[in-house]
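Laboratory data are not the source of any read-out in this text; all were calculated from the coordinates shown. Model, not experiment: these values are computed from the prediction. Note: ideal-geometry Cβ built from the backbone for every residue, glycine included; neighbour counts use all protein chains shown.
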Amino acid sequence: MSKPSAKTHLFLFDIDGTLITSGAGISALKLAIQDQFGTEDALRGIEIAGRTDRIITIAILEKYGVDPTPERMTEFLDRYLHHLSRQLQVAKGRLLPGILELLAAIQKLPQAALALLTGNMVRGAKLKLTHFGVWHYFEFGAFADDHTDRNRLGPYARARAAERHGVTFPPERIFVLGDTPHDIACGRAIGAKTVAIATGHHTREELARHHPDFLFEDLSDVPGVLKALGF
């Protein structure tokens, strides 16, 4: 473990619908399904938002009658990541409002550590955030590589934060930021403060029904967001 640092607060960001909006991931999944199963009716009945890449892959394979063994999952995810790298070049994606300014502001806070808590595989997360120029802001993360269940990822993030900074971040000083009810549940699973943002597929009203600690339409008012969070 490293020497204790001055860090006292941990920010854990979701990616899709929170940091970025892009159709690249969905397009890549559809292309991977078309490659493997020869069908374009690809994702009907498959829940995507807020789920891990691994649980999505299990659902897809089971839909098409394939036993989701580790080997089969790896094969499908490799297809997906192959297509993702190409789709990012053609999809009309963007950073969501205020994200670049917010990440820069948090990075300057001496007491704040900045990391990811995402359902993406680490390779997919890096592809996406490198494409949009923000991968370098994040020190570490917890990813779908760590566990199939989104609600089991928080402890991985906390452990990596402690390893990196030599301090244990108490739950009340951890902020989990995301755009879906799954992100709220994921933060609540470790007792963290939940920050919901209505920049994905869920409206402000839908997110409010899950009682996050903080709720924003978007993150464009960076000083206002940080003030609300206590900074």
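Structural remarks
- Close amide H pairs (under 5 Å, H built 1.01 Å from N) link Leu117 with Phe13, Asp14, Ala142, residues at least 5 positions away or on another chain.
- With N the number of residues in region 139-231, Rg(Cα) / (2.2 N^0.38 Å) evaluates to 1.10.
- Here each label is just a point 7 Å from Cα along the line to Cβ, and for Leu226 and Ile26 those points are 3.4 nm apart.
- Hz values of 3J(HN,Hα) by residue in region 132-149 - Karplus curve (6.51, -1.76, 1.60), Gly and Pro given as x: 8, x, 10, 4, 5, 6, 9, 6, 6, x, 10, 9, 4, 4, 7, 6, 5, 7
- If you bin all the Cα-Cα distances of the chain at 5 Å, starting from zero, the percentages per bin are 1, 7, 15, 18, 20, 17, 11, 7, 3, 1, 0.
- Spin-label model, Glu139 to Ile46: label points 7 Å out along the Cα-to-beta-carbon direction sit 3.5 nm apart.
- Applying both filters, DSSP loop and at most 11 other Cβ atoms within 10 Å, to the trypsin sites (Lys or Arg not before Pro) of region 25-110 gives Arg44, Lys92.
- Among Leu109, Leu29, Leu19: highest mean-square fluctuation, GNM of the chain, C-alpha pairs under 10 Å: Leu109
- Computing FRET efficiency as 1/(1 + (r/R0)^6) for Thr69 and Thr130, where r is the C-beta to C-beta distance and R0 is 30 Å, gives about 0.50.
- In the chain, lysine pairs with alpha-carbon atoms under 23 angstrom apart (chain gap of 8 or more, or interchain): 14
- When the charge dipole of region 98-180 is built from unit charges on Cβ atoms (+1 for Lys and Arg, -1 for Asp and Glu) and taken about the Cα centre, the candidate among Gly154, Gly124, Gly178 whose Cα reaches farthest toward its positive end is Gly124.
- Projecting the Cα atoms of Ile60, Ser85, Ile46 onto the charge dipole of region 24-90, computed from C-beta unit charges around the Cα centre, puts Ser85 farthest toward the positive end.
- Of the GluC sites (Glu not before Pro) found in region 17-110, the ones in coil according to DSSP and having at most 10 other Cβ atoms within 10 Å of their Cβ are Glu40.
- The alpha carbons of region 19-117 stretch over 51, 28, 23 Å along the principal axes, in descending order.
- Net lengthening on full extension, Gln34/Leu81 (0.36 nm per residue, minus Cα-Cα): 15.5 nm
- Cβ charges +1 (Lys, Arg) and -1 (Asp, Glu), total dipole of the chain, debye: 620 debye
- ³J(HN,Hα) computed for each position of region 202-208 - Karplus, 6.51 cos²θ - 1.76 cosθ + 1.60, integer Hz, glycine/proline x: 9, 6, 4, 5, 5, 5, 4
- For the chain, complete DSSP H runs whose alpha carbons reach 27 Å or more along their own long axis and whose mean Kyte-Doolittle score is -1.0 or higher are 70-90.
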